[in-house]
Amino acid sequence: METNQKAYKVLFLCTGNSARSIFGEYLLRRAGRDRFQTYSAGSFPTGKVNPFAIQVLKDVYHIDASAARSKAWEVFGDLEFDFVITVCDNARESCPIWPGEPIVAHWGVPDPALAEGSDEEKLRQFKQAAQVLAHRIGLFCALPIEKLDRLRLKSLVQEIESQ
């Protein structure tokens, strides 16, 4: 990123802020480097990050997310985001109006925290959710954000869910 370009602020939202939005925050932080400032929050945060999410980030992506915390989106009420990405239907439906008119997109991912079965089966669901988001984040990072007009950029960011 050129030194005169700002870092884009990106917020990932889900209901509990315990897995999917945490994946989004940490995976984009890694993939986007200094091009993005990443955040995550929940509409009804669980108060703790799911240990399987921390494990997947560490074991699969070599990302230390031990400092991640589950928080409500109200803590970011005054921050002006460039992008707000919901990763669950509940957050999509209850997404507030954000200051600064960010581009809002929905990249729905099934909730791995609802997985049943053995720890191995649950871990597989967390890995799958992270993989879907990592793919979408790769597509997002490839967008020439600086060169696109707002309408085209909004359309492309929203289309990422279907890719």
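For the stretch 51-71, filtered to residues that are assigned to a helix (DSSP H, G or I) and under 14 Å from the mean Cα position of the chain (by Cα), the residue that is nearest to CYS141 (Cα to Cα) is LEU57. When you check GLY42 against the structure, is it at pLDDT 95 or above and closer than 25 Å to ILE160 by Cα, yes or no? So GLY42 does not fit the description; no. Of LYS6, LYS48, all but one fail to be within 19 Å of VAL157 (Cβ to Cβ) and more than 15 Å from the chain's Cα centre (by Cα); the exception is LYS6. Within the stretch 149-159, if we keep just the residues that are farther than 19 Å from LYS9 by Cβ and assigned to a helix (DSSP H, G or I), the residue that is least open to solvent (accessible area, probe 1.4 Å) turns out to be SER155. Please determine whether any residue of the stretch 24-35 is in contact with a Cys (Cβ under 8 Å, 6 or more places away or on another chain) and aliphatic (A, V, I, L, M). Scanning the stretch 24-35, I find at least one residue that is in contact with a Cys (Cβ under 8 Å, 6 or more places away or on another chain) and aliphatic (A, V, I, L, M), so the answer is yes. Selection over the stretch 1-35 of residues that are in a strand (DSSP E or B), touching a Phe, Trp or Tyr at 6+ places or on another chain (Cβ under 8 Å) and open to solvent by less than 10 Å² (accessible area, probe 1.4 Å) gives a count of 4.
Is it the case, given these coordinates, that ALA134 is of a type in the set (A, V, I, L, M, F, W, C), more than 20 Å from LYS6 (Cα to Cα) and part of a loop (DSSP other than H, G, I, E, B)? So ALA134 fails the test. No other residue among HIS135, HIS62 is touching a Lys or Arg at 6+ places or on another chain (Cβ under 9 Å) and open to solvent by 60 Å² or more (accessible area, probe 1.4 Å) apart from HIS62.
Annotation note: of GLU120, GLU74, GLU146, GLU101, the sole residue that is exposed (fewer than 15 other Cβ atoms within 10 Å of the Cβ) and on the phi > 0 side of the Ramachandran plot is GLU101.
Filtered by the rule that a residue be free of Cβ contacts under 8 Å to residues at least 40 places away in the same chain and open to solvent by 50 Å² or more (accessible area, probe 1.4 Å), the stretch 47-57 gives GLY47, LYS48, PRO51. Filtering the stretch 61-73 to residues that are touching a residue at least 12 places away in the same chain (Cβ under 8 Å) and within 20 Å of THR46 (Cα to Cα) leaves ALA65, SER66, ALA68, ARG69, SER70, LYS71, ALA72, TRP73.
The values are calculated or read from the model by the stated rules, or taken from the named source; none is laboratory data. Here the structure is a predicted model, which is why all the values come from computation and not from measurement. For neighbour counting, all protein chains shown are included, and Cβ atoms are generated from backbone atoms with ideal geometry for every residue, glycine included. In case anyone asks, the SASA skips ligands and DNA or RNA and just uses the protein heavy atoms, side chains included. Shrake-Rupley method; radii C 1.70, N 1.55, O 1.52, S 1.80 Å.
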